[in-house]
Amino acid sequence: MIDKLPHTMPGAVIYGAMVLGLLAAVSFRVLIIVEVVSPALVRPLWYFAVLAYIVFFAYRYFVTEKRKRVIIGNRLLEKLKAEGELTRDDRLLLNYVLSSVVKSKEHINYVFIVAVSIIVVAVDIWLTLF
């Protein structure tokens, strides 16, 4: 029997982490434009971006390590490969891991970072040429 079933983070934490990651990503990417428009803002923006990324990636590390501990500690991969009967606890743990992956908003960060990066590069090229 599982002593304590792991649970996914509350929605507010998940969305808060996503927003923090997005703000950090935007901050890093607009630095080159801010340098042209308002050089005095470069250092505060850079510090914000670094600190926000530290918090964001520490959170992502915690979530990933928690998933791995559940999978490894309960030998879930071995049990799935053995094709034997899964216990109720095994199913609850697999539900946690899969729910955690599905609830994660990291895919939004990836798409957003790529889009913002393309936009910022285009703006920088435009500012450089014109």
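Values for this structure:
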quantity	calculated
Residues (farther than 16 Å from P6 by Cα and part of a helix (DSSP H, G or I)) located in region 62-89	L77, E78, K79, L80, K81
Any hit, region 28-46, residues being among the hydroxyl-bearing types (S, T, Y) and within 20 Å of the chain's Cα centre (by Cα)	no
Boolean, I14 is assigned to a loop (DSSP other than H, G, I, E, B) and in contact (Cβ under 8 Å) with a residue 40 or more places away in the chain	no
Qualifying positions in region 9-34 - surrounded by 15 or more Cβ atoms within 10 Å (Cβ to Cβ) and not hydrophobic (A, V, I, L, M, F, W, C)	G16, G21, S27, R29
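Throughout, read-outs are computed from the coordinates displayed, never taken from laboratory work. Nothing here was measured: the structure is a model prediction, and the numbers come from that model. With ideal geometry, Cβ positions are generated from the backbone for all residues, glycine too; neighbour counts draw on all protein chains shown.
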